[in-house]
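Quick notes on the structure that follows.
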Amino acid sequence: MIVRTRFAPSPTGFLHIGGARTALFSWAFAKKNVGQFILRIEDTDVARSTPEAVQAILDGMQWLGLDYDEGPFYQMQRMDRYKQVLQTMLDAGTAYYCYCTKDELDALRESQMQQGAKPRYDGRWRPESGKTLATPPQDIPPVIRFKNPQVGNVVWRDLVKGEISIANQELDDLIIARADGTPTYNFCVVVDDWEMGITQVIRGDDHVNNTPRQINMLMALGATIPQYAHLSMILGSDGQKLSKRHGAVSVMQYHEDGYLPEAILNYLARLGWSHGDEEIFSMQQFCQWFDLDHITSSAAQFNTEKLNWLNAHYIKLADNNLLAADVTERLAKLNIKVTAQPPLLEVIGLYKERVNTLNELATNIAYFYQQPVRDAVAAEKHLTADIMPAMTNLVALLKAVDWQPEAIHQAINEVVTQHALKFPKVAMPLRVMLTGIAQSPSIDQVMALLGKSEVLSRIEAALP
RNA sequence: GUCCCCAUCGUCUAGAGGCCUAGGACACCUCCCUUUCACGGAGGCGACCCGGGUUCGAAUCCCGGUGGGGACGCCA
C-alpha cells in the first residue's frame, strides 16, 4: 500500500515551530517510504480562520521547502461531501440530533466539574431502544452528535507511544455538526483522512484524546483505520508550553532573524528524533534515515544556542552569491546601500565563518558601506593619547604602500618596531578607528578590503 | 477533579537485560592556535526522579509514588 501522510493545520495563525516539525516529520515519512504527502487546510472554524493565516502557512512551508504532492485542500470547499456523510450517519442511526442549548450545556459542565466528575454530555437526546425522548423544541436549531459506543475500550498501537487504551465510558457523544449545519473538526478529519486515503496520521500529541473518538467514527462509517503517530510537543526555552501568548513564533520570524531553512530543518529533525550520534545532515540524508521508531516520546525543549550553532555551520557552507543577495536586502532595511567597493563577495568571505545569523553578518559588515559607529568603551580603552604619534606615523607610511595585505602588514610592523610596541598595541586602535569596535577579522585584511583612501580618511578623522 | 501521556548531564539526545566506569552534540570551563573577537584543535565539568520487585545481572522489564505535560469546546 502506498504511504500517504498529511499535514493539516488550521489557519488561525502562522506556521510555528511545532507545526513545522509535525509537517517535517510527515513529509519525511512520505519521502522515506516513497509515498505522498498531502496538505490540508482545516478551516471549518469560520470565525477564526483567515486568508492571511492560510498564506502564512503556505509561505512557511515554501520557505522550508516542504513540498506536497496533493493539495492544499480546503475543508470549507468539501461541505457538500461532509453533509452527505452526516446524512448517512443520521440514517444509519450512528448520529442524532441534540436540542440542548449552549447555556444548558455550560450548566451541565459546571455542575459536573463541581462534583469532581469529568465534564461530558449526559446523553439526554441520545436515542435508545425503549427510551422516550422529549419532543424536539421548535425554536432551537439542533446540533448533530455522534452516537459513541458506551462499552468496551478503544485500543490502538501508537507508532510513537505504543499501545494506548481508552474506555468508551470516558467518551461522550461529541458534536459533529454545529447548529448552523457546519461540521466540526473531529468529523471532518475522519471523513478526510478516510477519503484521502491517509495511511499514517502524524500529528501533535494534543490529539491523543481525539483519536479514540475518531476511531469510533471511522468504524461507524466502515472505514479503514489509519495508523497513528503522536508527536510530543516542543516546549519553549524556559520549559513552558509554547503558545501564541508565550514564545511561539512564526517560522518566518526565523527567516527575518537571519536563520537559514537548512538550519531550522536540521535542528527540528533532531528535536525528538535521532539517528545514533548524527547531528548534522542534509534533508536528503534525513529522508533516507527517518523512521518513527526513533522518535522520543517525551517533550523537548527548544534551545536557541544549538540552533545558532547549526545556523553558523550552514552559513559557512552557504554559497557566497546567495549570502550576498540576502545580506544586501538586510542592509537595505538598515538604509545601507551596498556599493561596488569594497566587493561584497570578498567581505562576506571574510566574515561568514564568524557569525551565527545572517542579521549578524549584515550588521557586522555594515562598516564597509557606511561610516563606523564607534563603541565608546572600545574607544576609551584603545584610542589613548599615547598611541596617537604611532598612528600619525602609520598614516604616513601607509600612503606609500602598494595596497595588499602583506604590504599593509609590513607597514604596521614598521610602526610597531619604530615605536617599540607590540603588534596589538597598534592593531587595536586601528581596529576601533576603522570598524568602530574591538573585534574584527585580521586587521590587514580588513584594511585591504576597505581600500586605501577610506582607511586613510578614517584614521585621519580619528586622529586628534 | 477525571482520563491519557511522559521521565538519562543545564539543554537536545544514544541506549531494545550484561557491550555502561552511561556515549555524542549544544552551552559552560581550561589549554593550544592567534593581531582582537570568532573559527578551528585538545582536554574538562556534568545525568539514569524516588521506592519496591523480577533476574546471576536493570538506565533498560513490572508495580507503586513523586514530578511534569496534555485532554476534557457548537476550537482545531
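The values are calculated or read from the model by the stated rules, or taken from the named source; none is laboratory data. Since the model is a prediction, treat every value here as computed from it, not as a measurement. Here the Cβ is made from the backbone with ideal geometry for all residues, glycine too, and neighbour counts use every protein chain on show. Areas reflect the complete protein model, heavy atoms only, side chains present, ligands, DNA and RNA absent. Shrake-Rupley method; radii C 1.70, N 1.55, O 1.52, S 1.80 Å.
Could you calculate the FRET efficiency of A:I140 with A:E52 from 1/(1 + (r/R0)^6), where r is the beta carbon distance between them and R0 is 30 Å, rounded to 0.05? That gives a FRET efficiency of 0.30. In loop segments of region A:98-185 as defined by DSSP, the GluC sites (Glu not before Pro) with at most 16 further C-beta atoms inside 10 Å of their C-beta are A:E128. Simple spin-label estimate for A:S165 and A:H294 gives 3.2 nm between the two label positions (7 Å along the Cα-to-Cβ direction from each Cα). In chain A, the DSSP-assigned H stretches of four residues or longer account for a calculated mean residue ellipticity at 222 nm of -13500 deg cm²/dmol, using -39500 (n - 2.57) per stretch and the full residue count as denominator.
Reported value for chain A: 196 Å³ per residue, from the convex hull of its C-alpha atoms. The charge dipole of region A:376-462, taken about the Cα centre with unit charges on the Cβ atoms of Lys, Arg (+1) and Asp, Glu (-1), comes to about 160 debye, rounded to the nearest 20. Of interest is the spacing of the C-alpha centroids, which for region A:362-383 and region A:26-82 amounts to 47 Å. Extension gain, A:A385 to A:N321, is 18.8 nm, computed as 0.36 nm per intervening residue step minus the present C-alpha separation. Using heavy atoms of the protein chains and a probe of 1.4 Å, the accessible area assigned to A:H294 is about 90 Å². Accessible surface for chain A, divided over its residues, is 48 Å² per residue with a 1.4 Å probe. To the nearest 10, the accessible area of A:I264 is 0 Å² with a 1.4 Å probe. Ignoring ligands, DNA and RNA, please state the percent of accessible area on region A:117-221 from carbon and sulfur, probe 1.4 Å. The C+S portion of the solvent-accessible surface of region A:117-221 is 50 percent. Here is the P(r) of region A:307-415: all C-alpha pair distances, binned every 10 Å from 0, give 13, 31, 32, 21, 3 in whole percents.
How many angstrom lie between the C-alpha centres of region A:109-159 and region A:398-442? Using only Cα atoms to place each centre, the spacing works out to 81 Å. Extent along the principal axes, Cα only, for region A:363-464: 34, 28, 21 Å, with the longest axis given first. Computed extension gain for A:D277 through A:E305, at 0.36 nm per residue and net of the alpha carbon distance, reaches 8.2 nm. Taking region A:209-278, which trypsin sites (Lys or Arg not before Pro) meet the DSSP loop condition and have no more than 12 other C-beta atoms within 10 Å? Taking region A:209-278 and a limit of 12 other Cβ atoms within 10 Å, the loop trypsin sites (Lys or Arg not before Pro) found are A:K244, A:R245.
Spin-label model, A:S237/A:V34: points 7 Å from Cα along the beta carbon direction are separated by 4.4 nm.
With each label modelled as a point 7 angstrom along the Cα→C-beta vector, the A:R124-A:D206 pair spans 3.1 nm. Three principal axis extents describe the C-alpha atoms of region A:81-177; from largest down they are 48, 39, 28 Å.
The stretch between A:V395 and A:E346 holds 15.2 nm of extra length on full extension. This uses 0.36 nm per residue minus the Cα-Cα distance. Positive contributions from Lys and Arg (+1) and negative ones from Asp and Glu (-1), summed over other residues with Cβ under 12 Å from the Cβ of A:L322, come out at -3.
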